[in-house]
Amino acid sequence: MSASKTYWHNRIGWINRLGLVIVLGLAVLVVVDRFDLATGTKPFTSLLYTWVLILSSFTLLLGIAGVVWSHLNRIRHGGKEWGFSLILVIAASSVVVVGLLSPGGTISPLLEWAFDAVIAPGQASLFALTGFFILAAAYRYLRLDRPEAPWVLVGCLLALFVETPLTGQIVPAIFIDLADWLLVWPVMAALRGALLGGALAMVLVAVRLLARRGK
Amino acid sequence: MTSSFGCPHCGKSNPIDARFCSYCGTHLGDVEGSQLAQQPDKEEPVDESPPEKPLPTKRRFGPPSYWSESESDPADENPAQPSTSKRSSDLRRPSLRPNLTHGRPSPPSGERPPDQPYLPRPTLPTPDLPDADDPTGWLDRFSLPIPVESSPFLDDDLQRQLREFFVAEVPLADIPPPAGQITDGEGLWRRLSSYLLLLVVLVVLLLFRENTPETLPHVWPGVGPAFATVEALPDGATVLIHWAYDPATAGEMDLVARPVIGHLLDQHANLIVVSQLSLGPPTARRLIAAAKTLTLGDAVARQTDLSLVDGGFLPGGAATLPLLGQDPALGLPLDLQGRPALTLPPLASYHQEHPALVLVLADRMEPVQRWLEQVQPLNQVAVVAVTSAATGPAVRPYLDSGQLAGLVSGYNGGIGYQELLLRPMGRAEQARLWRQIAGHNWAFVVFLIVVLAGNLPAALRRRSP
């Protein structure tokens, strides 16, 4: 390693350690505040949350700027599908300019129209496509000749028969109780286990990250 | 001695004694592996003497597509000859031998080729990182019988070609199925069944879409406690609404949320709406305006603008939610129109004391979970959750544990809540509700047809003898 690289490598390591000390200290402060282990911590944690609010707002603006910059580069170089990038940049710029210049701000008539005519129908249409994915998955995987598919199929049909208005009135009450019991006990037990395991894994990863000196 | 070598098919690094590549499954052969393990890793001697004949400068690097049998390079006048035992053993291994010598004249047998400078082991600059893997280690054992100019370093073009070669995806040969083999449900029968299924779905949707049976969906528990909690609010109470759905799921969520919002307006509650979705505030404005018109009528609805405070978009996710419970003045200092809190009675009262109720409208479990974990322990305010049908079961345990005061999930929960209100529904609202029920019923029928169609080819599939 060259001398200059060694110098910067040592500097970066030291800065990483300092950052980790700060993170650890703030984490301890938040834990103490949330569990009421000490008094007088509320003003400091409120200040921290406010800083997070400011940072996240700036991050949002930075992300928007990054997206626009990457699309501008694509337009400039004539990259693949640059036409869509041009449309995106023009639409984004129009919305920003209208929102900033109009007296109503985000509730100006033009922005309300853009929401009602473009954004809301577009989002709803995209979400509606998930129905086709579900049908395709049901056609492909809910088959009796697959190893665990019969169990999934039985559970799926039971829930559907109970929930659907067409069949919910003719299904015996015992099936409704069975579906309710299945949802509350075994399904939720599995889901809760997965959630707890995921949360514990996050804690362990965070501790490991702190313990490895920023590597 | 090198402890790993590269797969000739995908280039990934494998242990010396591996018989199969752990990435693509190519058979590597244990005999060659043991030979590689025993052979010491020594550098090839570089011949610095001037060559007798001018050597071709063209180097052939690149993906295996470049190494076709028909390809012949007339500029290669001096085909390479392996002069060491290691190189000859490498060439004997069919999996490691590229088709570089095809089309080129092979050297006469029995004649030892002159000791020509072959392509020396490339010394690519290694990065100054302690954990860097050497991606070019397999080149040590890969001899390219192309005589090239001896050079201790690779030029930029060659380095770029090497990088492209290593990252390029190796094209796999299309192996057609053997003739006469019975395919499993493929071909004409699968296509016919797919078209038939599509035709049936279209016929059902087009011909029977107006038939709406007079049945109501099943209502899960939690609706009654939610109604009782809202009914117990004092007149003019401040209610904080955490709006966590956007137009993507508004088709279902509006049906669930509208009765609850209407009930709050009946109780003359002051609503403060805050959202962590960028499209949450406009969605909230539209639904509350529609609920006001239905509940209060147009004239009264216009007079009650001050009862609704649009807190706008709150960025930061779970990290900034505690502000709403711990220090609302910092979380909501202004409303969306920029009016300070002191000028708005609902916000002023919210800053001075906790709200009477929190309503979380969410199409997923995470917003409800975050609120119950981050905010409720700070202000101990009762929370009523209004969720989609898919989220209802996941949130039910919070209702059973007492963390939630009520739960309204799915449009069937909205119907159940509407029935408790004892208020007749408008015609437009009725039509929308029956459309939802009819769509639900026929979606179930289509789902059943799809599942049956998926199992039919398997049942009718011919088994191979």
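Counting just the residues of segment B:377-406 that are within 13 Å of chain A (Cβ to nearest Cβ), in contact with a helix residue (DSSP H, G or I) (Cβ under 7 Å, 6 or more places away or on another chain) and closer than 24 Å to B:Ala237 by Cα, which one comes out surrounded by the most Cβ atoms within 10 Å (Cβ to Cβ)? Among residues in segment B:377-406 that are within 13 Å of chain A (Cβ to nearest Cβ), in contact with a helix residue (DSSP H, G or I) (Cβ under 7 Å, 6 or more places away or on another chain) and closer than 24 Å to B:Ala237 by Cα, the one surrounded by the most Cβ atoms within 10 Å (Cβ to Cβ) is B:Leu378. Looking only at residues of segment A:162-192 that are part of a loop (DSSP other than H, G, I, E, B) and at the interface with chain B (Cβ under 7 Å from one of its Cβ atoms), we find that the one that is nearest to B:Ala443 (Cα to Cα) is A:Thr164. Among the residues of segment B:254-279, the ones that are touching an Asp or Glu at 6+ places or on another chain (Cβ under 6 Å) and within 24 Å of B:Gln374 (Cα to Cα) come to 3 in all. Taken over segment A:29-43, residues that are over 20 Å from B:Gln376 (Cβ atoms) and either within 11 Å of another protein chain (Cβ to nearest Cβ) or at pLDDT below 90 (or both) amount to 4.
For segment B:407-419, filtering for residues that are more than 11 Å from chain A (Cβ to nearest Cβ), buried (at least 20 other Cβ atoms within 10 Å of the Cβ) and out of contact with any Phe, Trp or Tyr (no Cβ under 7 Å at 6 or more places or on another chain) leaves 4. Contact map, segment B:312-328: first residue more than 7 Å from every other protein chain (Cβ to nearest Cβ) and in contact (Cβ under 8 Å) with a residue 60 or more places away in the chain, second residue of a type outside the set (Val, Ile, Thr) and assigned to a helix (DSSP H, G or I), Cβ cut-off under 8 Å, separation 6 or more or different chains; pairs are B:Leu324/B:Gly331. Residues in segment A:101-148 that are hydrophobic (A, V, I, L, M, F, W, C) and within 15 Å of B:Val446 (Cβ to Cβ): A:Ala128, A:Phe132, A:Phe133, A:Ile134, A:Leu135, A:Ala136, A:Ala137, A:Ala138, A:Leu142. Scanning segment A:117-145 for residues that are within 28 Å of A:Trp181 (Cα to Cα) and surrounded by 15 or more Cβ atoms within 10 Å (Cβ to Cβ) yields A:Leu135, A:Ala138, A:Tyr139, A:Leu142, A:Arg143.
Reported count of residues in segment B:240-277, each being polar (S, T, N, Q), touching a strand residue (DSSP E or B) at 6+ places or on another chain (Cβ under 9 Å) and surrounded by fewer than 24 Cβ atoms within 10 Å (Cβ to Cβ), is 3.
For segment B:3-12, a residue qualifies if it is surrounded by 19 or more Cβ atoms within 10 Å (Cβ to Cβ) and farther than 15 Å from B:Phe165 by Cα, and exactly one does: B:Phe5.
The values are calculated or read from the model by the stated rules, or taken from the named source; none is laboratory data. Quick caveat, the model's predicted, so the values are computed rather than measured. So basically every Cβ, Gly included, is an ideal-geometry build from the backbone, and we count neighbours across all protein chains shown.
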